[in-house]
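Some notes on the structure that comes next.
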Amino acid sequence: MKLLLMMLLLAIAPGAFAQTPVFYGGDFDGRGFLESGKNTAIGDARVYDNMQNDAPGLTVDWVFGNFLVDGPLPTEVYYEFRQKMGPGNGGELLASGTGAATVEITGRGGFGLTEWNVRGQIPRIDLDPGHYWFTVAPMGDGTGHYYLSTTSGDDGMGSPLGDGNSFYDSETFGANFDPTSDWLGKGTWDFSLGFGNNVIPEPATLLATLAGLGLLALRMRRRA
């Protein structure tokens, strides 16, 4: 009975829902980085990378990025989702805000720094089919540097991967949605960013599961 009660609680607990990546640019390729953070030692800078969504009703409720960290680990992240971006044009801002951050070491590093996965839970965003750019920027305390890792698409998820359609914006550095190749040199530059959603069972499925577990518990109680 105790085991069945635990199963019932797990079935309705938020932690039982799967956290599923929807898009991931790929792992650090060791080639380079760009600073991407807010309220850091340099002020403000943000890298934007792109993704294509072909699925109706895509839900996003967490974002992440892999950063080479020089300073304190962040406790918050800033995010944006945009459309219609181009060189010198920030396009249309669809959603932005901050979320509490969790950090986990990736086991990778470069340029004398350790790479950390910085993940933030954010309010739900619903994305229609279309082309988007997004940024993930750790929030600092006026100190430290957060360098977003470059990627060539290895272990990535979604599309496009490795297309170099990325931009850099920073009042501190005088960047105005510049192609990242303006800052990193000639080549194709993409970044180790991603986002996902917490997969929640449909209400009918969840109710059927709870009903089945409840009947099983009742039968076992009667046998006892």
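Readers should treat all values here as calculations from the given coordinates under stated rules, not as data from a laboratory. Since we're looking at a predicted model, the values are computed, not measured. Heads up, the Cβs are rebuilt from the backbone with ideal geometry, glycines too, and the neighbour counts pull from every protein chain shown.
Of the listed peptides 94-107, 50-63, 72-85, what is their order by residue-averaged count of other C-beta atoms within 10 Å, with the highest listed first?
72-85, 50-63, 94-107
Can you put 133, 189 in order, fewest other beta carbons within 10 Å first?
133, 189
Let me check I've understood the local charge: for residue 77, count other residues with C-beta under 10 angstrom from its C-beta, Lys and Arg +1, Asp and Glu -1. What total comes out?
Summing Lys/Arg as +1 and Asp/Glu as -1 gives +1.
List 31, 108, 46 from most exposed to least, where exposure is judged by having the fewest other Cβ atoms within 10 Å.
Details: 31 14, 108 17, 46 23.
Ranked by crowding around the Cβ, least crowded first: 31, 108, 46.
Based on Cβ point charges of +1 for Lys and Arg and -1 for Asp and Glu, what charge dipole magnitude is obtained for the stretch 18-223 about its Cα centre, in debye rounded to the nearest 20?
Rounded to the nearest 20 debye, it is 1200 debye.
Residue 54 label point, 7 Å along Cα→Cβ, cut-off 15 Å on backbone N: hits in the stretch 156-171?
Within reach of a label on residue 54, which here means backbone N under 15 Å from a point 7 Å along Cα→Cβ, the stretch 156-171 contributes 157-161.
For the stretch 31-46, what does the Karplus curve 6.51 cos²θ - 1.76 cosθ + 1.60, with θ = phi - 60°, yield as ³J(HN,Hα) per residue in whole Hz, taken in order and with x for Gly and Pro?
7, x, 6, 9, 5, 9, x, 10, 6, 9, 4, 9, x, 9, 7, 9
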